[in-house]
Amino acid sequence: MTTSLNRDANLVEDVGFAEPPPKLAHYTWLQSAWRELRRAPLTARFGLIVILLYILTALFAPLIAPYPETEIVGGAYEGWGKQFILGTDQLGRDMLSRLIYGARNTIGIAFVTTMLAFLLGGALGILASVLRGWVDEVLGRFVDVLMAIPQLIFALVLLSIVGTSVVNLVLIIAVLDSTRVFRLSRAVAVNVAVMDFVEAARLQGEKLGWIMSREILPNILPPLVAEFGLRFCFVFLTVSALSFLGVGMQPPTADWGSMVRENATLITYGDITPLLPAGAIALLTVAVNFVVDWFLHKTSGLRNEP
């Protein structure tokens, strides 16, 4: 018996199972995020840094800005100098402070509007893909009617009718932009809704909310997240355009679009101050697009050639 046990032990050592196999390394979400960031292209890193700086500026605007948002601190159109780094506007308010507060107002409203658009359009798109039939037809034709009218013109007409408050601005743009989200979410969800695991959930008696949130939504998140970045850019530009036209955020609230309109006369004198809020809008748009392109490449399954 002893000889047999020794022979079995030697056999185990020969085939290599005397020691347990090495464990795979497990990374925390922070370590995984850092590894992905190190592998990211230069454009994505640049975009992430810019977005982070914008977010910090928006969050800590009262601590960063040298003057309050609406306080008149000097004469009208004072030049750049030590007291006013970027000069003053048409009322004598500090332009640097207005730019900093404008990040909070413009980005904050654009983010809230995009979130509402995705909640509305995404939910209706997934609902249409699950129920199909007359629900899909009614929602689809209603969305077609809204998309047939140019979004900026439609928003101008509606804001002229209901008034130019921040709440109306957010709700109108969110509803109009949700049509694009509806189209995308329905297109990607309709292919998932016919899969076997969704049918199995139906047969098990799962409710509609469970099927939409637990079975379909997790499988269509990558394109929706990428679309969120693109939609944020469009909403951001729409809010700025409406403010430039005078029907967006109203004075004395600092907003980059209205700041361009209020100080546009300086361009005729060779002053680039009105271009600063326009440049802030363009820089954030480019940064978000860089990050979205990288995310789309990551989720597409493609790999860079060595």
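Here the Karplus relation 6.51 cos²θ - 1.76 cosθ + 1.60, evaluated at θ = phi - 60°, turns the backbone of region 214-219 into coupling constants of 9, 9, 9, 4, x, 8 Hz, with x for every Gly and Pro. Across region 161-174, computed HN-Hα scalar couplings (Karplus, 6.51 cos²θ - 1.76 cosθ + 1.60, θ = phi - 60°) run 7, 8, x, 9, 8, 5, 4, 4, 4, 5, 5, 5, 5, 5 Hz from first to last residue, x flagging Gly and Pro. Using amide H atoms built in the peptide plane, which far-off residues or other-chain residues are under 5 Å from Tyr67 H to H? When sequence neighbours closer than 5 places are left aside, the close amide H contacts are Ser97. Amide H contacts under 5 Å for Arg93: Val73, restricted to partners 5 or more places along the chain or on a different chain, H placed in the peptide plane at 1.01 Å from N.
Counted by Cβ distance under 15 Å from Ala128, the other residues give a net charge of +2, where Lys and Arg count +1 and Asp and Glu count -1. The alpha-carbon atoms of the chain, seen along their principal axes, cover 103, 56, 34 angstrom, with the largest extent given first. Seen against the Cα atoms of the chain and their longest principal axis, helix 29-39 is set at about 70 degrees. For the chain, the relative contact order is 22 percent, taking Cα pairs closer than 8 Å that sit 6 or more residues apart in sequence and dividing their mean separation by the residue count.
Give, rounded to the nearest 20 debye, the magnitude of the charge dipole that region 107-299 has about its Cα centre when Lys and Arg contribute +1 at Cβ and Asp and Glu contribute -1 at Cβ. The calculation lands at about 180 debye. Candidates Ala117, Ala128, Val138 compared by Cα position along the dipole of region 88-140: farthest toward the positive end lies Ala117, with charges placed on Cβ. When the Cα positions of Gln204, Thr268, Ala155 are compared along the charge dipole of region 154-290, Gln204 comes out farthest toward the positive end, with charges on each C-beta of Lys, Arg, Asp and Glu.
For the chain, the longest principal axis of the Cα atoms and the long axis of helix 275-299 meet at an angle of about 10 degrees.
Values in this text are rule-based calculations from the coordinates and carry no lab data. Quick caveat, the model's predicted, so the values are computed rather than measured. Here the Cβ is made from the backbone with ideal geometry for all residues, glycine too, and neighbour counts use every protein chain on show.
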